[in-house]
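Following: one structure in structure tokens, then a few remarks.
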Amino acid sequence: MKTNIHVKNRVAIIGAGLTLFRRRLLETPQEMAWIASKKALEQAGMDFKDIDCVISGSAPDAFDGVHMKGEYYSEGAGGFGKLHFRVFVGGGTGVFVPIAGWWMVASGLCKKALIVAEEKMSSAADPHPQAVFRHIWDPLIEKMLGPNLIWIFALEMHRYMHKCGVSKEDIALVSVKNKANALDHPCAQAAAKISVEDVLKSEVLVYPVNRLDISPVSDGAAALVMVSEDVARRYTDNPIWVAGIGFNLDSYSWTNRELAYPLYLKKAADMAYKMAGIENPMKQIDVAEPYDPFDYKELHHMEGLGLAPRCKAAELTKEGVTQRDGDLPINPSGGLLGVGNPIAAAGLMKVAEIFWQLRGEAGRRQVKKPVYTGLAQAWGDLMQVGTVIILRR
Amino acid sequence: MSQPVVLGIGYSGFQPSTSHYNIREMIYEAAAKAYEDAGGIDPGSDVDAFVSCQEDFWEGISINDEFVPDQLGAVLKPVYTISGDSLQCVLSAYSMIRSGAFDIVVVESHGKPSEILTMRDIILMSYDPIYIRPLNPENVFVFNALEAKAFMEYNKIDREALGRYVISSLRKGLRGRRNPYASIKNVEAYLEEEYVVEPLTKLDFAPYSDAAVVVVIASEDVAKKFSDEYIKISGVWSVSGTSSIVYDDLREDTMTKIAARKVFDMTGIKDPVREIGVFEIDERISHVPLMVIKALRLSEDVNRDLMMGRFDEEGDLPVNPFGGALSEGNVLEAHGLARLVNAYEILKGSLGSRRYSDVEKILIHSRRWPSSRTTTLAILSR
Amino acid sequence: MSIYKLGGTPLSDEEFKKIIKEITRPNAKYLMSAGQAYSVFFEGLRRGKIIGTYCERCGMIYVPPKIFCPYCFITLDKWVEVADEGKVVTAVASYYSANMERLKEPQIVGIIKLDVPGRTFTSYRFPGLLHRICGASLDDVISQRIFDARVKARWRPPEERKGDINDIECFEVIKT
């Protein structure tokens, strides 16, 4: 991997769009992809006919109950008759789609690319969308033990609490903050004014995970328009540049490694920082959207990203550093906990949020301090994927 | 601009069943051979990124991306998957190298259809869930048959000519390396076969094979440090169809047409008939290569040219001269890499006679099987 | 206003039930090869032993086993029996089944770092298994006493073993 000095073509984002994030939407995957794409194109001042490539992402086919799902929704995303492929890195997909979009444009193969992520989880209606996760395990060993998805995250959360001396109260603060931030997000599904007490009193699913520690199940889609530098200059005075990309995957043997610290994420972040010329992320990143499907993950990811010293993210949260008016605003959108979690679309929503924050277009969600460099990150698989993108004004 | 090249290839399987190995172990074997073929690269220190092409419902695991890194030596490295044909992985790797940010990218793909017990139902799940799937046809290949019929009638291709293609391809397969189904048959026997779904018989469908293929792609400058025996990827492009082939114009292969225009433009090819020496084309259903031949404008009258043997090994437009998917078997998403491996071996001179020693360029083609017409084309050259 | 401006059409539970068009239960069945490494592992379980593979280059022991070292990228053909006891590196109490049905009593599960005589491992890489933990209370989990507790496999009687991970009923706490 070479640093950015070897990359000739700069890549810009010039538009972003979201559907509503809801437990159930009427729209099909194709229609959701179309709505988000149309909105992103509108902001960019383009139409579907202007686009030459579509890069998309979506989490497991089992949610929609459609095999080769990318072929199915491609039409809604404007892919018919054009270059289109679907990338997939589990929960990390949403941030990975613009990463793949970056090299499709940086290589010169694509000039105007539509970046689309959709998730239709309500189709997996019976018994519950979570049941899809029965099939994510090693089928011959772990699946035989009858695990549910929350097990593995609870195992990681508890290990983190134990290793770092973090309490459930500390962690609940993240949920409180993000759900409150989402009150200002027009697409939000799970925005609420709640207290630490509410989180601790909500139903225990798998101790130490309570219901309000978790993001909801959602339908939704998100889209970006990503273009080469010359195109960007023609369409806007206010392009946002991709400054760095990083991704990394650890072993599938997740019971053979330390869960308290996400080493794979550190490596993904280092790749992106190197490309963006960032040496001190705590100082040089102005605003960040780390992946928060569970509240502890925000803390865990801040540490992996080097946005907090190891085991110190909870302290920063308590001190208010991560609030919208704090020194390092974290998840000003409201994150997955507040806006909702249509898996791949949720990750891309985070990139859209950084785009709007850097353009000063986040409305009531706009962070207080001036921002020049922002980061979005997602995570997935068996607690082994880190995907990172850094944007710059 | 960095020129992407194929630096090495490795494969395992291409057998009807591989029950002694699980798929991860098969991929390990393929990867070890590919790294060796690439001049002894070390996946940990030499490779910048890895990409696997696969689909969850072929695997029987949701989010099978989880299980990609270990057997490639890619733990704690940049790794991702594309839910698509393996040539789409080649396209993405090509683009990564052209961006200047990556020097060596490993592409992996595999198929283990022998482990799938409910193939019909899984294929049906790839069709439009609201309009097509509820039709619940007895035979899920009925949509492919509609396409075959529309194309053949429109272009006046008869079953004897189609049979001629199939028989010739199975015979050509006897000279290849990975072809468990290659055989000698005659057209009379073909015409006596019962229809599976008219106008297609059992012989028109590639049987299933298990395989894993790994390909090392590098920028030419870096490739030179490891080996001087590499093959260039001159151009590659992919075009998306609809999820259900019956929504497209069934008489012609629009996706190949669009992709070819782009790839010929990228590679400066003006006259494919003269400039391209060999065509490695998807023949998992027998009428598809004929549609591709037509879309590439290789032939005005496909029926006549088939009967004249223009696409045979001694013809002027050899298609799959060492056998295609009918002989090697349908390896699901790994199919595109199987075409690439043939092309790589022909261009390196390790497969075939002097007949092909002056071939400069080979076109490779793969289309999503069986429900979509999404097509990827690439040109490999010496 | 056009649909895309509204960003989608939210549905209630009731409305959702009314518009459902097609309900399919995916019929996706597979017969998977256990492969070379897991075949030996499962045969070991039948005999009451936990078998891993050993990488001579980096010293890592793989449980569950692999026939390759993902770090050194070499073939592994050295088998090693590890102890059927070890210590808990993390544990939780689940109130839900795999299908997200509520359980009456929480089930305690954890990751067990297995002992290998004469060998130590860092906390980043070690042979370890996910399994049920028995002989521990909910309070042991909440108080975190369960961390680092020593546990030992409770095997099913030989005649009931099937050569899979459930030949171990659970890992039983022998010392907290």
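None of the figures in this text is laboratory data; all of them are computed from the coordinates on show. Everything numeric here is computed off the predicted structure, so don't read it as measured data. We place every Cβ from the backbone using ideal geometry, glycine too, and count neighbours over all the protein chains shown.
Per DSSP H run of at least 4 residues, take -39500 (n - 2.57); add these up for chain A, divide by its residues and hand me the 222 nm value, nearest 500 deg cm²/dmol. Numbers along the way, then the final one.
Working: 14 runs with 138 residues, N = 393.
It comes out at -10500 deg cm²/dmol, rounded to the nearest 500.
Diagonalise the Cα gyration tensor of chain B and give the resulting equivalent ellipsoid semi-axes, square root of 5 times each eigenvalue, largest first, whole Å. Working shown, then result.
Working: eigenvalues 189, 118, 74 Å².
Sorted largest first and rounded, they come to 31, 24, 19 Å.
What net charge is computed for the residues neighbouring A:L337, neighbours being all others with C-beta under 11 Å from the C-beta of A:L337, Lys and Arg scored +1, Asp and Glu -1?
Working: positive: A:K177, A:K179, A:K297; negative: A:D213, A:D292, A:D295, A:E298.
After counting each charged neighbour, the total is -1.
If you take every residue apart from C:Q144 with its C-beta less than 13 Å away from the C-beta of C:Q144, what net charge results, scoring Lys and Arg +1 and Asp and Glu -1? List each step's numbers first, then the result.
Numbers: positive: A:R159, A:K163, A:K168, C:R145; negative: C:D139, C:D140, C:D148.
With Lys, Arg at +1 and Asp, Glu at -1, the net is +1.
Calculate the dipole size of the protein assembly as shown relative to its Cα centre from +1 charges on Lys and Arg beta carbons and -1 charges on Asp and Glu beta carbons; express the result in debye to the nearest 20. List each step's numbers first, then the result.
On the way: 113 positive and 123 negative charges, 326 e Å.
The dipole of the protein assembly as shown has a size of about 1560 debye.
At a temperature of 10 °C and a viscosity of 1.306 mPa s, determine how fast segment B:215-255 diffuses translationally according to Stokes-Einstein, using the Kirkwood radius over alpha-carbon pairs as Rh; express D in µm²/s, rounded to the nearest whole number. Mind showing how you got there, number by number?
Numbers: Rh = 13.8 Å.
In µm²/s, the coefficient rounds to 115.
Among the lysines in segment A:32-159, how many pairs, 8 or more places apart or on different chains, have alpha carbons under 17 Å apart?
Lysine pair count for segment A:32-159: 12.
In a GNM of chain A with a 10 Å cut-off on Cα contacts, which of A:S215, A:S253, A:S195 has the highest mean-square fluctuation?
For chain A, modelled as a Gaussian network with Cα springs under 10 Å, the answer is A:S253.
Treat each spin label as a single point 7 Å out from the Cα along the C-beta direction, and report the C:K5 to B:K156 distance in nm.
5.5
Please give the helix B:142-154 orientation as an angle from the longest Cα principal axis of chain B, in degrees from 0 to 90, rounded to the nearest 10.
The answer is roughly 70 degrees.
Amide H to amide H under 5 Å from B:G235: which residues, 5+ apart in sequence or cross-chain, H placed 1.01 Å off N in plane?
Result for B:G235 returns B:I379.
Using alpha carbons only, how many angstrom separate the centre of segment B:296-329 from the centre of segment A:274-300?
Measuring centre to centre over Cα atoms gives 56 Å.
Springs between alpha-carbon pairs under 10 angstrom, Gaussian network model over chain C: which of C:K29, C:K87, C:K17 fluctuates most?
Checking each option, the largest mean-square fluctuation is seen for C:K17.
If only Cα atoms are counted, what is the Rg of segment A:1-119, and what is its Dmax, in Å?
Every Cα atom of segment A:1-119 included, Rg and Dmax give 14.3, 47 Å.
Nearest 10 degrees, 0 to 90: what angle lies between the long axis of helix B:23-37 and the longest principal axis of chain B (Cα atoms)?
60
At C:T75 and A:F48, where each label point lies 7 Å from the Cα along Cα→Cβ, what is the point-to-point distance in nanometres?
Output for this residue pair reads 5.3 nm.
Roughly what angle does helix B:254-267 make with the longest principal axis of chain B, taking Cα atoms, 0 to 90 degrees, to the nearest 10?
It works out to around 40 degrees.
Note down the net charge around C:D167, summing +1 for each Lys or Arg and -1 for each Asp or Glu among other residues with Cβ under 13 Å from its Cβ. Each step should come with its number before you reach the end.
Working: positive: C:R46, C:R47, C:K49, C:R132, C:R154, C:R156, C:R161, C:K162; negative: C:E43, C:D84, C:E159, C:E160, C:D164, C:E169.
Around C:D167, the charge tally is +2.
Along its three principal axes, how long is chain C when you only count alpha carbons? Whole Å, largest extent first please.
Over chain C, Cα extents along the principal axes are 72, 42, 38 Å.
Between C:G48, C:A37, C:I67, whose Cα lies farthest towards the positive end of the dipole of segment C:35-175 when Lys and Arg beta carbons carry +1 and Asp and Glu beta carbons carry -1, centred on the Cα centre?
C:I67
For a footprinting-style exposure proxy, rank C:F171, C:F126, B:F141 by other Cβ within 10 Å, fewest first. Don't jump to the answer; show the numbers that get you there.
On the way: C:F171 30, C:F126 23, B:F141 20.
In increasing order of surrounding Cβ atoms, one gets B:F141, C:F126, C:F171.
Name the residue, out of B:G40, B:G60, B:G277, whose mean-square fluctuation peaks in a Gaussian network model built on chain B with Cα pairs under 10 Å.
Of B:G40, B:G60, B:G277, the Gaussian network model singles out B:G60 as fluctuating most.
Can you compute log10 of I(q)/I(0) for segment B:19-172 with the Debye formula, treating each Cα as one identical point scatterer, at q = 0.16 Å⁻¹?
Per q value, in the given order, log10 I(q)/I(0) is -1.02.
Take the alpha carbon atoms of segment A:201-269, find their center, do the same for segment B:219-242, and report the distance between the two centers in whole angstrom.
With segment A:201-269 and segment B:219-242 each reduced to a Cα centre, they are spaced 30 Å.
What are the ³J(HN,Hα) couplings of segment C:156-167, residue after residue, when phi is run through the Karplus curve with 6.51, -1.76, 1.60 and θ = phi - 60°? Round to Hz, x for glycine and proline.
6, x, x, 5, 9, 6, 10, x, 9, 4, 7, 5
In the protein assembly as shown, what cysteines have no partner Cβ closer than 4.7 Å?
A:C187, C:C58
Give me B:H110, B:H335, B:H20, B:H287 ranked fewest to most by other Cβ atoms within 10 Å of their Cβ, as a rough exposure proxy.
On the way: B:H110 29, B:H335 32, B:H20 12, B:H287 24.
Going from sparsest to densest Cβ surroundings: B:H20, B:H287, B:H110, B:H335.
How long are the three semi-axes of the equivalent ellipsoid for chain A, computed from the Cα gyration tensor as the root of 5 times each eigenvalue, in whole Å, largest first?
Values: eigenvalues 174, 116, 79 Å².
Square roots of five times the eigenvalues give 29, 24, 20 Å.
Taking the Cα atoms of the protein assembly as shown, what is the range of coordinates along each of the three principal axes, in descending order and whole Å?
82, 71, 60
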